[in-house]
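**Student:** Pasting in a structure now, in structure tokens, and then I'll have a few things to ask.
The values are calculated or read from the model by the stated rules, or taken from the named source; none is laboratory data. Computed from a prediction, not measured in an experiment: that's the story for all the values here. Because the Cβ atoms are built from the backbone with ideal geometry, glycine has one as well, and the counts that use them run over all protein chains shown.
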Amino acid sequence: MSPKAAPGRTPVAQNRRARHDYDIVDTYEAGIVLVGGEVKSFREGRVQLRDSFARVQDGEVWLHGMHISPYTYSSGFGYADPDRSRKLLLHRRQIQELARETQQGPLTLVPLSAYFKDGRVKIELALARGRREYDKRRAIAAREADMEARREMGARRRREGAR
């Protein structure tokens, strides 16, 4: 999870591949409709966002491919399919904007993380553009160059402080 979580946010799951595979254009915070023991499974951290995506259908946003394992202590009652599509809760204006953006350009909706905020389950949803293989290599090279520069600056500060 994020080392610097925002105040009031309890992180549960992250989609780490999303930031590697996509360029993030914009992010949105969405609520999610859960049923039965899904919230309890969510609290236990039994959530996987890998390979999940969202779509705007009939004026609603649906999250596909998110896996929430069934709650261990529920037998029969409150059972829901772990891989079912789940409705995301956004403002109408945001949904219209997302629909327009995804229809016009080569953009997709990808969940970045799932967390609790003030006791409610939230999904950080990103409007993202897919990266090509050469873009991924370029991003990795830039990240490594930045890390090397920071490392060198730290070493330089330590040398000057010792004098």
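**Student:** Given Ala126, Ala142, Ala99, which one is among the aliphatic types (A, V, I, L, M) and either without any contact (Cβ under 8 Å) to a residue 12 or more places away in the chain or touching a Lys or Arg at 6+ places or on another chain (Cβ under 7 Å) (or both)?
**Tutor:** That would be Ala142, the only listed residue that is among the aliphatic types (A, V, I, L, M) and either without any contact (Cβ under 8 Å) to a residue 12 or more places away in the chain or touching a Lys or Arg at 6+ places or on another chain (Cβ under 7 Å) (or both).
**Student:** How many residues are of a type in the set (S, T, N, Q) and under 18 Å from Gly45 (Cα atoms) when one looks only at region 77-125?
**Tutor:** So the answer is 1.
**Student:** Taking the condition more than 21 Å from Glu60 (Cα to Cα) and in contact with a Phe, Trp or Tyr (Cβ under 7 Å, 6 or more places away or on another chain), does Arg138 pass?
**Tutor:** Taking the combined requirement at face value, the residue does not satisfy it.
**Student:** Taking Leu98, is it more than 16 Å from Asp23 (Cβ to Cβ), in the same structural domain as Ser52 (by TED's automatic domain parsing) and surrounded by 15 or more Cβ atoms within 10 Å (Cβ to Cβ)?
**Tutor:** Taking the combined requirement at face value, the residue satisfies it.
**Student:** Please give the number of the condition Thr10 fails out of (1) of a type in the set (Val, Ile, Thr); (2) within 12 Å of Leu125 (Cβ to Cβ); (3) out of contact with any Asp or Glu (no Cβ under 9 Å at 6 or more places or on another chain).
**Tutor:** Among (1) of a type in the set (Val, Ile, Thr); (2) within 12 Å of Leu125 (Cβ to Cβ); (3) out of contact with any Asp or Glu (no Cβ under 9 Å at 6 or more places or on another chain), Thr10 violates only (2).
**Student:** Determine which member of the set Ala139, Ala126, Ala155, Ala145 is at pLDDT 90 or above, farther than 21 Å from Glu38 by Cα and in a helix (DSSP H, G or I).
**Tutor:** Ala145
**Student:** I'd like the residue in region 6-26 that is on the phi < 0 side of the Ramachandran plot, part of a loop (DSSP other than H, G, I, E, B) and at pLDDT below 90 and, out of all such residues, is farthest from the chain's Cα centre (by Cα).
**Tutor:** Filtering region 6-26 for residues that are on the phi < 0 side of the Ramachandran plot, part of a loop (DSSP other than H, G, I, E, B) and at pLDDT below 90, the one farthest from the chain's Cα centre (by Cα) comes out as Pro7.
**Student:** Take the residues of region 113-141 that are assigned by TED's automatic domain parsing to the domain that holds Leu49 and of a type in the set (Val, Ile, Thr): which is surrounded by the most Cβ atoms within 10 Å (Cβ to Cβ)?
**Tutor:** Taking the candidates together, the pick is Ile123.
**Student:** Moving on. Do any strands (runs of 3 or more DSSP E) entirely within region 29-121 hold 3 or more residues that are hydrophobic (A, V, I, L, M, F, W, C) and within 21 Å of Asn15 (Cβ to Cβ), and if so, which?
**Tutor:** Of the strands (runs of 3 or more DSSP E) lying wholly inside region 29-121, those with at least 3 residues that are hydrophobic (A, V, I, L, M, F, W, C) and within 21 Å of Asn15 (Cβ to Cβ) span 53-57, 60-64, 107-117.
**Student:** Does any residue of region 51-64 turn out to be surrounded by fewer than 15 Cβ atoms within 10 Å (Cβ to Cβ), under 29 Å from Arg138 (Cα atoms), modelled with pLDDT of 90 or more and not charged (D, E, K, R)?
**Tutor:** For region 51-64, residues surrounded by fewer than 15 Cβ atoms within 10 Å (Cβ to Cβ), under 29 Å from Arg138 (Cα atoms), modelled with pLDDT of 90 or more and not charged (D, E, K, R): absent.
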